Amino acid sequence: MEPEFDDPELTRAVAVLAQARRVCVLTGAGVSAESGVPTFRASDGLWEGHRIEDVATPSGFRKDPGLVWKFYNARRANVKAVSPNPGHHALRAMEDRWGGGFTLVTQNVDGLHKAAGSRNVLEIHGSLHRTRCLGCGEVQDRGLEPLADHPLCECGGRLRPDIVWFHESLPEDIWEQALRAADACNVLLVVGTSAVVHPAASLIPVAKRRSSWNNVRPGATVIEVNLTRTEASEYADVGLYGPSGRVLPELVDRLSS
Ligand code: OAD
């Protein structure tokens, strides 16, 4: 049976957040689930019908760019049809409270945090909104309008989604900023991620300072928000087990009352 959302844990979360000067959030697909974006590792997950190698690797793109673009155009259409949910809005409200002391690191490529008004968002896995030219390297924000199955850049080069695929590195500058935010925070909120994909998940031990990256200063308090326990749970000081679209607004309400 799934753990229940537990009120004393919420009280503890509110207490640590109320004391925090710097807050970092790491989100995953679960935060968008209530908007209608499928998560990755659920049985009805996004990769269903497609092997990851075919649609989310550089070699898959070289082999069949049309298939890859069909897949990403379908994801773009899905995201275009949905809206941020109360969980996204609650995270935006948290940013209003902490201002420059608040960093939202997301593994999601759907752009829903920005659509909710979050400003300091680090999209470490890229964005469905953007294309990147394999010729001139230009990155363009194309919104979510459908693109051709073989879109080309003005320079004649082939366009690919500006998304981090398997076997690829994260964008270096964004990742550096995420590491710094995790290292400097007093509280790390880990929301809706199975925490199995690295290096994203390694932000959790970095924040706890239980990593070789920095183990000198005392670590952050880790609060996990998820439907279930995950790989992050062993690091979590507080566990809020329920849908993020309910838990996060509750947290914000309690913080402001
Ligand atoms: P997963 O699909 O692995 O995990 C989603 C998590 O969200 C699970 O732990 C669920 O229990 C939880 N969840 C589902 N609904 C929820 C809800 N309403 N409220 C709270 N939690 C909920 O997705 P990620 O951890 O984001 O990478 O996956 C990480 C990366 O794996 C993705 O960014 C993607 C994929 O490979 C790339 O594409 C590079």
Task: Exclusive hit being in the same structural domain as THR27 (by TED's automatic domain parsing) and either in a strand (DSSP E or B) or surrounded by fewer than 23 Cβ atoms within 10 Å (Cβ to Cβ) (or both), set VAL247, VAL190 - done: VAL190
- [ ] For LEU240, indicate whether it is modelled with pLDDT of 95 or more and in contact with a Leu (Cβ under 7 Å, 6 or more places away or on another chain).
- [x] yes
- [ ] Return yes or no: is VAL68 surrounded by fewer than 20 Cβ atoms within 10 Å (Cβ to Cβ), of a type in the set (Val, Ile, Thr), within 15 Å of the ligand (Cβ to nearest atom) and more than 15 Å from the chain's Cα centre (by Cα)?
- [x] no
Open item on the list: Could you tell me how many of the residues in segment 88-141 are charged (D, E, K, R) and assigned to a helix (DSSP H, G or I)?
Closed with: 5
Open item on the list: Name the residue that is nearest to the ligand (Cβ to nearest atom), counting only residues in segment 141-178 that are closer than 15 Å to HIS125 by Cβ and among the hydrophobic types (A, V, I, L, M, F, W, C).
Closed with: VAL164
- [ ] Could you grab me the full set of residues in segment 24-60 that are more than 12 Å from the ligand (Cβ to nearest atom), open to solvent by 40 Å² or more (accessible area, probe 1.4 Å) and either at pLDDT 95 or above or on the phi > 0 side of the Ramachandran plot (or both)?
- [x] GLY49, SER59
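The values are calculated or read from the model by the stated rules, or taken from the named source; none is laboratory data. Fair warning: this is a prediction, and the values are worked out from it, not measured in the lab. Quick reminder, even Gly has a Cβ in these numbers, built from the backbone with ideal geometry, and neighbours come from all protein chains shown. Please note that ligands, DNA and RNA were not included when accessible areas were found on the heavy atoms of the full protein model with its side chains. Shrake-Rupley method; radii C 1.70, N 1.55, O 1.52, S 1.80 Å.
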